[in-house]
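The values are calculated or read from the model by the stated rules, or taken from the named source; none is laboratory data. Everything quoted here is computed from the prediction, not taken from an experiment. Don't worry about glycine lacking a Cβ; one is built from the backbone with ideal geometry, like all the others, and counts go over all protein chains shown. What goes into the accessible areas is simple: the full protein's heavy atoms, side chains included, and nothing from ligands, DNA or RNA. Shrake-Rupley method; radii C 1.70, N 1.55, O 1.52, S 1.80 Å.
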Amino acid sequence: MGSREDDRKAQKAALSMLFAAIILGPAAAKENTEFFSQCQILLPAADKFEVECTKNAVPFGRTFYPSGQGDGEAESFRVLFSNYRGNSQFILGCVISGNPMTAHVNLYYKTTSAPLPPLTKEKIKYVDFNNNVGLLINGKRVVLLAIRQVVTPKIKEGLPGVPRNCDQGSINKGLPSEENPTMEPVEGSDSLFKYCYSNAYPCEIEKYHSSFGRPGGNITFSPAYKLFIDDNGKLIVRDEYRKEACKSWKDIYSDSAIILDTCE
């Protein structure tokens, strides 16, 4: 649960964003998107949540078969999501994994802004070492994608050389650079997007399906194959890939399974 201190920090962060918007105008537009607004509010609560995760995370185990057969490898995880400011598509979560077991705190994306109910072992269906999580809640699949690592003086960096906290990133998960790929909608079209690998290659224009979120976001995350997320919570999927998923994918909970939310 969020404490009064957490609420005071949230109010302070909100006032800071309002001040930036007034003083900086368009330069502060990024800060007013759902991801960056939520991130600045959640970040001060991350250290406290990491302690809670270490104490109360829910265990999950599975057997992984590297070759699809033979002797499997036992994998163990522990998972927890914060209910502080949980009525957003971007929330705070934690996966404990590795040897030794280490808490990895991330900002997560989900397709709905509905808060998650308390987590139990029965609800967890999938966890991977990229800290993505698949749940089954009241008969409905809920996939949570770890889109940004949280790093503080107390929370260790999980992946070096990639964006952290509220930093601006790129869709190839790297730090901003002129050589990074870009993706943007084609002017005048609701479904065509232009993907540019780099200045050295021609851009591709393909049809995509967009769902959820609100207008005006920047395409910032690409957590899975042919799948993009903007910083206002819109999920953008290559149209042909989505149609195949909706037709043939069934009982799966991995990161790409979030596409199935667009089929309903």
Which whole-number percentage describes the relative contact order of the chain, with Cα contacts under 8 Å and a sequence gap of 6 or more?
13
Report the calculated FRET efficiency for Glu187 and Ile137 (r = Cβ-Cβ distance, R0 = 45 Å), to the nearest 0.05.
0.70
Could you size up the charge dipole of the chain around its Cα centre, putting +1 on the beta carbon of Lys and Arg and -1 on that of Asp and Glu, and report it in debye to the nearest 20?
760
Given a Förster distance of 35 Å, report the FRET efficiency between Ser113 and Ala200 from their Cβ-Cβ distance, rounded to the nearest 0.05.
0.30
Relative contact order, percent, segment 110-264 [alpha-carbon distance under 8 Å, six or more residues apart]
19
Gain on full stretching of the segment that runs from Asn99 to Asn180 - 0.36 nm per residue minus C-alpha separation
25.9 nm
Assuming R0 = 25 Å, what is the FRET efficiency of Ile252 and Asp167, from their Cβ-Cβ distance, to the nearest 0.05?
0.20
Projected onto the charge dipole of segment 203-264 (unit charges on the beta-carbon of Lys, Arg, Asp and Glu, signs +1, +1, -1, -1), the Cα from Ser256, Ile219, Tyr241 with the largest positive-side position is that of Tyr241
Given the DSSP H assignment, sum -39500 (n - 2.57) over each helix run of at least 4 residues in the chain and divide by its residue total; what's the result at 222 nm in deg cm²/dmol, nearest 500?
-6000 deg cm²/dmol
Sequence neighbours fewer than 8 away in the same chain don't count; with that in mind, list the lysines whose C-alpha is under 17 Å from Lys243.
Lys207, Lys226
Restricting to lysines and to Cα separations under 19 Å from Lys125, and discarding same-chain partners fewer than 8 apart, the set is Lys110, Lys140, Lys250
Mean shadow area (nm²) of the C-alpha convex hull around segment 48-162 is 8.1
Under a plain spin-label model, where a point goes 7 Å from the Cα along Cα-to-Cβ, how far apart in nm are Lys207 and Val51?
5.4
Under 11 Å, Cβ to Cβ, from Lys226 - net charge with Lys/Arg +1 and Asp/Glu -1
-2
Distance histogram for the chain (every C-alpha pair counted, 5 angstrom bins, percent rounded to whole numbers)
1, 6, 12, 16, 18, 17, 14, 9, 5, 2, 0, 0, 0
With +1 at each Lys and Arg Cβ and -1 at each Asp and Glu Cβ, the charge dipole magnitude of segment 107-264 around its Cα centre, to the nearest 20 debye, comes out at 740
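Relative contact order (percent) for segment 50-127, with alpha-carbon contacts under 8 angstrom and 6 or more residues of separation? List each step's numbers first, then the result.
On the way: 129 pairs, mean separation 21.6, N = 78.
Relative contact order, segment 50-127: 28 percent.
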Protection proxy ranking of 228-239, 183-194, 98-109, 38-49 - average other beta-carbon atoms within 10 Å, highest first:
228-239, 38-49, 98-109, 183-194
With Cβ to Cβ distances under 11 Å as the rule, what net charge do the other residues near Gln149 carry (K, R +1; D, E -1)?
+2
State which entries of Lys48/Lys156; Lys173/Lys194; Lys121/Lys173 exceed 25 angstrom in Cα-Cα distance in the structure shown.
Lys121/Lys173
Could you check how much of the accessible area of segment 64-162 is carbon and sulfur, as a whole percent, using a 1.4 Å probe?
50
